[in-house]
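The values are calculated or read from the model by the stated rules, or taken from the named source; none is laboratory data. None of the values given here were measured: they were computed from a predicted structure. Cβ coordinates were reconstructed from backbone atoms using ideal geometry, including for glycine residues, and neighbour counts include every protein chain displayed. These accessible areas exclude ligands, DNA and RNA; they are computed on the full protein's heavy atoms, side chains included. Shrake-Rupley method; radii C 1.70, N 1.55, O 1.52, S 1.80 Å.
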Amino acid sequence: MNLTFESFDHISLYDSLHLAMFSGKGGVGKTTLACGFARRWARLFPDEQILLISTDPAHSVGDVLQINVGNSASALADLPNLSVRALDAKELLLEFKAKYGNFLEILVERGSFVEGEDLTPVWDLDWPGLDEIMGLLEIQRLLTEKVVDRVVVDMAPSGHTLNLLGIKDFLDIVLNSLELFQEKHRAIAKSFRRKYKADEVDEFLVNIKSELAEGRRLLQNEGFTACSVVAIAEPMSLLETERFLESLQGLEIPCGGVLINLVLSDAGADLDRYSEQQELLDKFLKIPGNQPVFIVPQQDAEPLGGAALDRIITQVQKIDKVALAPPPPIQWPVKVLPSFSDFIDEGRQLILIGGKGGVGKTTVAAALGWALANRYPEKKIRMVSIDPAHSLGDAFGIKLGHEPSQISENLSGQEIDAEIVLEKFRNDYLWELAEMISGESGEEGGIKIAYTPEAWRQIVAQALPGIDEMLSLIAVMDLLDSKQQDLIILDTAPTGHLLRFLEMPSALADWLAWIFKLWVKYQNVLGRVDLMSRLRKLRQQVVAAQKKLKDPRHTEFIGVIQAHAAIIAEQVRLGESLQKMGVPQRYIVHNRYIPDVEIDAGLFAEEMIIRLPVLPRSVEPLARIKGAASLLF
């Protein structure tokens, strides 16, 4: 699909849509604009029911609207036709299980040697990634059943939004596999009865396929749907926006344009930032694809609550050209104490950098790596990005890939390619596991009771979001255990998906435990002793990785924030979650610190706040990293 986007030359022309999605790099203000846009629609269409819904696991819709938001839709007091909801994946999964679980268990039983009761534990596994599947299905249901007239979606940051929009392909493949299971059942039934009468499972397959086809039609209908990409006029946001737009076109999802937030109106307040913004706005206008570019001016105060959101949405304006401004002389800020301690001297081997999207996690990770590599030239240090929307290479002004690249003599970096990690996992374990579950013995002389092993291979070839990050963590731990690296710094995904990553060891360990239990029950039929031995070793690695994540002598978690209410509130929730998980945290980095603008230290009573002042904009990427490194230590 080659979209021209000609219809979206003014924000009012979005009003023909029924599904408006807002995504982009974390921390750029997509929640703010989604909330403002939803309120605009509610005022514009008072006789219609509008739903604002968040699929971000770490949403801040309630913080922005200044209301409590839960899984049940609740109407706003001043706009009763606008309801707000944050999806609870676990509740949606329970509803899905109640509605379809029986059919799925019958199908899987028909496609394998196991009994239905053996499959029940799979439902109870807390799989990261299910929130994305359940969220997409629920949005589709609300629209197709006419529960609401229009939906505005506050989406997760761009990398995980693409996971969400690609889930349809995942479900198509799974359903195709289930259809093969049912086809095998039909063939067996015909061989005994000479005819086949369709049953309730056939009806389920017809209905669910129809629902998926309708969902894809809605997502790809440019008269019904548009995904607006929110950005800020900064180099890493520009690069991520370019990649995101290219991916949207590949998925054939209509794009409503790029909304660039926090734009300065004149050079008076900050000439350095204004000059950089004008240069980058010009580059946004030159992105291939002919999508419209809108700007949203920076507000005097953080736009929280209905009145502020109503004001900001009226200030969105389309631009076609910009006037460039010369940069000012470069001025570096003065270091503000306290500084970080010496992590290598303290024996740390793994440092995780986390926080809300867009707060500067990658900059802090890169600065840490540079500073420690220079302090310890004899130590091997690697920085690894596990964020699906990588920007580690952007921070250094270089291109990084899946294989590590040297940044300096003892500092290397890499951006994990999820597909490469998953393909290795499939080759090492999943293909053979598919044969085992289908009933193929794999042992010479073993019993052949295979039910469509190809269908099982299709299923296990798919991976729920998050498992690639877990497998990357195991690889990281192996590098440390084998002494190939002395310190690894992980640049993680934004908060909600970071928490999923930290929960992943438990989910994967539980899944492996279920496989072992299944094998013990049917080992006389299955064989596969070697596979079980390898899977047992994998589970041991998973358990060991989980223990090391919670060991303060081994692992350091560093949170990054800025002085904005929604960011601080999210970090407080993240800290509480980390405490429940037993993940240690000593430091919070207050990025873009402005003298005399302090964060309430009482909110982070257990952590030391490290202040990283605003860095000059008109410098090369590596110079910024070097400057940040000198300010943090």
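The set of residues in the range 572-613 being basic (Lys, Arg) and part of a strand (DSSP E or B) consists of Arg586, Arg592, Arg611. When the range 619-633 is filtered for residues that are at pLDDT below 95, open to solvent by 40 Å² or more (accessible area, probe 1.4 Å) and over 10 Å from Thr363 (Cβ atoms), only Glu620 remains. Only one of these conditions is not met by Phe45: (1) closer than 30 Å to Ala233 by Cβ; (2) in contact (Cβ under 8 Å) with a residue 60 or more places away in the chain; (3) not acidic (Asp, Glu). Which number is it? Unmet for Phe45, out of (1) closer than 30 Å to Ala233 by Cβ; (2) in contact (Cβ under 8 Å) with a residue 60 or more places away in the chain; (3) not acidic (Asp, Glu): (1).
Contact map, the range 577-594: first residue over 14 Å from Glu606 (Cα atoms), second residue among the small types (Gly, Ala, Ser) and modelled with pLDDT under 90, Cβ cut-off under 9 Å, separation 6 or more or different chains; pairs are Asn591/Gly355. Among the conditions (1) more than 27 Å from Lys30 (Cα to Cα); (2) of a type outside the set (Asp, Glu); (3) open to solvent by less than 10 Å² (accessible area, probe 1.4 Å), Ala365 misses just one, which is (1). Residues considered: Gly401, Gly413, Gly439. Of these, the only one that is at pLDDT 65 or above and surrounded by 17 or more Cβ atoms within 10 Å (Cβ to Cβ) is Gly413. Within the range 369-387, the residues that satisfy the criterion of being farther than 24 Å from Leu471 by Cβ and of a type in the set (A, V, I, L, M) are Ala371, Leu372, Ala373. From the list Leu262, Leu248, Leu285, Leu239, the one residue that fits, being within 24 Å of Ala20 (Cα to Cα) and open to solvent by less than 10 Å² (accessible area, probe 1.4 Å), is Leu248.
Exactly one residue among Val122, Val114 is under 27 Å from the mean Cα position of the chain (by Cα) and at pLDDT below 65, and that residue is Val122. Does Asp47 qualify as being open to solvent by 10 Å² or more (accessible area, probe 1.4 Å), of a type outside the set (Gly, Ala, Ser) and out of contact with any Leu (no Cβ under 8 Å at 6 or more places or on another chain)? Criteria met by Asp47.
Please determine whether any residue of the range 597-607 is in contact (Cβ under 8 Å) with a residue 60 or more places away in the chain and either open to solvent by 20 Å² or more (accessible area, probe 1.4 Å) or more than 17 Å from Gly27 (Cβ to Cβ) (or both). Within the range 597-607 (the criterion being in contact (Cβ under 8 Å) with a residue 60 or more places away in the chain and either open to solvent by 20 Å² or more (accessible area, probe 1.4 Å) or more than 17 Å from Gly27 (Cβ to Cβ) (or both)), the answer is no, since none of the residues qualifies. Taken as a whole, the structure places Ala198 among residues that are over 30 Å from Asp387 (Cβ atoms) and in contact with a helix residue (DSSP H, G or I) (Cβ under 9 Å, 6 or more places away or on another chain). For the range 70-82, filtering for residues that are buried (at least 16 other Cβ atoms within 10 Å of the Cβ) and closer than 19 Å to Leu136 by Cβ leaves 1. Take the residues in the range 310-349 that are in a helix (DSSP H, G or I) and open to solvent by 50 Å² or more (accessible area, probe 1.4 Å); name whichever of them is nearest to Val258 (Cα to Cα). Out of the qualifying residues, it is Thr314.
Among the residues examined, Leu93 qualifies as of a type in the set (A, V, I, L, M), modelled with pLDDT under 90 and within 21 Å of the chain's Cα centre (by Cα).
Residue under question is Arg348, and the condition is that it be closer than 15 Å to Phe633 by Cβ and of a type in the set (Lys, Arg); does it hold? Against the criterion (closer than 15 Å to Phe633 by Cβ and of a type in the set (Lys, Arg)), Arg348 qualifies.
Restricting attention to the range 565-583, report how many residues are more than 23 Å from Thr31 (Cβ to Cβ) and open to solvent by less than 30 Å² (accessible area, probe 1.4 Å). The qualifying residues number 1. Among the candidates Arg553, Arg528, the residue that is open to solvent by 30 Å² or more (accessible area, probe 1.4 Å) and either modelled with pLDDT under 85 or of a type in the set (D, E, K, R) (or both) is uniquely Arg553. Scanning the range 534-571 for residues that are under 21 Å from Leu350 (Cβ atoms) and part of a loop (DSSP other than H, G, I, E, B) turns up Lys550, Asp551, Pro552, Arg553, His554.
Out of the residues in the range 375-389 meeting the condition of being modelled with pLDDT of 95 or more and open to solvent by 10 Å² or more (accessible area, probe 1.4 Å), tell me which one is nearest to Phe340 (Cα to Cα). Here the answer is Arg375. It is to be established whether one or more residues within the range 299-306 are surrounded by 15 or more Cβ atoms within 10 Å (Cβ to Cβ), free of Cβ contacts under 8 Å to residues at least 60 places away in the same chain, on the phi < 0 side of the Ramachandran plot and of a type in the set (Asp, Glu). Scanning the range 299-306, I find no residue that is surrounded by 15 or more Cβ atoms within 10 Å (Cβ to Cβ), free of Cβ contacts under 8 Å to residues at least 60 places away in the same chain, on the phi < 0 side of the Ramachandran plot and of a type in the set (Asp, Glu), so the answer is no. Listed by first and then second residue, the pairs linking a residue in the range 195-221 that is closer than 19 Å to Leu137 by Cα to a residue that is charged (D, E, K, R) and not in a helix (DSSP H, G or I), with Cβ atoms under 7 Å apart and 6 or more places separating them unless they lie on different chains, are Gln220/Glu252.
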